[in-house]
Every structure is written in structure tokens, then in C-alpha cells.
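The structure under discussion appears below in the form of C-alpha cells.
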Amino acid sequence: MRMSIDQKLADLGIALPSPKPPVANYVPVVRTGNLLFISGQVSLDSAGTVTTGKLGAGLSIEDGRAAARLCAINVIAQIKAATGDLEKVVRVVKVVGFVNSSLDFTDQPAVINGCSDLLVEVFADKGRHARSAVGVASLPFNAAVEVEAIVEIA
């Protein structure tokens, strides 16, 4: 018998947060046809604290991976809020990860693996996705990582 997505999350010790409302003039999720376009989710934990700082200037790759994992949790929370049922996920199509990086930091892919690994752990093969991992000079709220996603749903 296949384990439900909600059970997988519970087994991982993950309680999905209530998605935070937008902080500017945008919506958190746009559905068009069978695709969800999920706006950038920063490294915000359940207490409302954002993991801040720059990779390569104070934050380690492990810190960045943990921040990217938080982004993935927030992406999943947005999917749940938009659909009401994570079993509707057909495929995580694309992930774009932005890493707040020092000029000489080049391990953005290792950081965004924190997001990708969780999506595959939760959704199995449906969680395998195309991806970009981009270094940026800064992010909103000095967040360490921000992730946006495109998800196909049934």
C-alpha cells in the first residue's frame, strides 16, 4: 500500500505552516489550466523567523541547505492551500532557487539541493524536476534562500 503525502510529511516530522499572505502586490499561487505557479518562498520557519545572511560570507552550505529545505516546506504549504490535497500533485515541473551569495560563492546547486531533496523525498518520482540555482546579491528580508516552483496538478 502506498503511503500518502500527508503521512510522509508526518513521518518526516513536518507540520505544514499556514501560508503567509503576500507582502506586496502579487498572489502566492496562480493556477492556469493544470499548472500552479508558486511565487517565491523564502526561508521562513514555523516560528516566523527567516534564515538570513549570505552564503560564503557567514553561512555554510549546510546552513543554506537547511534554508532551502524551509523554502520547500513553504512551497508544499502553498500547494496544499491552493489544492486542498497534496495527492493532486502530478509532477513538480520546475524549481528556481535564488541563493543570497557572496561574490566568490559558487555552490548554489549544493544549497538548492536542500529543496530538491525534500521534494523528491515527499513526492518520490513526481518530485523530480527541472531546476535553476542562481546566486544573487541580495534577497527580500535578507533571506538566505528563495525558491519558486511550477507544479502540475490533476
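The values are calculated or read from the model by the stated rules, or taken from the named source; none is laboratory data. Just so we're clear, the structure is a prediction, and the values are computed from it rather than from any experiment. FYI the Cβ positions are ideal-geometry reconstructions off the backbone, even for glycines, and counts take in every protein chain you see. In case anyone asks, the SASA skips ligands and DNA or RNA and just uses the protein heavy atoms, side chains included. Shrake-Rupley method; radii C 1.70, N 1.55, O 1.52, S 1.80 Å.
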Here, strands (runs of 3 or more DSSP E) confined to segment 1-110 with at least 1 residues that are touching a Pro at 6+ places or on another chain (Cβ under 6 Å) and at pLDDT 95 or above are 35-42
Subset of segment 36-58, residues open to solvent by 50 Å² or more (accessible area, probe 1.4 Å) and either under 22 Å from Val90 (Cα atoms) or touching a residue at least 60 places away in the same chain (Cβ under 8 Å) (or both), comes to Phe37, Thr52, Lys54
Regarding segment 47-58, can at least one residue be identified that is aliphatic (A, V, I, L, M) and within 14 Å of the chain's Cα centre (by Cα)? yes
Can you pull out every residue in segment 124-137 that is in contact with a strand residue (DSSP E or B) (Cβ under 6 Å, 6 or more places away or on another chain) and either outside any strand (DSSP E or B) or open to solvent by less than 20 Å² (accessible area, probe 1.4 Å) (or both)? Lys126, Gly127, His129
Evaluation of Val96 against (1) open to solvent by less than 60 Å² (accessible area, probe 1.4 Å); (2) more than 11 Å from the chain's Cα centre (by Cα) (one fails), failing number: (2)
Assess whether Gln7 counts as being touching a Cys at 6+ places or on another chain (Cβ under 7 Å) and open to solvent by 20 Å² or more (accessible area, probe 1.4 Å). no
Pairs only if they're at least six apart or on different chains, beta carbon under 8 angstrom, first in segment 91-106 and closer than 17 Å to Ala67 by Cβ, second among the acidic types (Asp, Glu); list them, first residue then second. Val95/Glu148; Val96/Glu148; Gly97/Glu146; Phe98/Glu146
Mind checking whether some residue in segment 100-109 is under 21 Å from Leu16 (Cα atoms) and open to solvent by less than 40 Å² (accessible area, probe 1.4 Å)? no
Quick one: what pairs do we get from segment 1-19, first residue closer than 15 Å to Val120 by Cα, second β-branched (Val, Ile, Thr), C-beta under 7 Å, 6+ apart or different chains? Ile5/Val122; Lys8/Val122; Leu9/Val122; Ile14/Ile73
Is it the case that Thr83 is farther than 19 Å from Asn142 by Cα and β-branched (Val, Ile, Thr)? yes
I'm trying to understand the selection: among the residues of segment 114-154, which are in contact (Cβ under 8 Å) with a residue 24 or more places away in the chain, over 15 Å from Ala66 (Cα atoms) and among the charged types (D, E, K, R)? Lys126, Arg128, Arg131, Glu148, Glu152
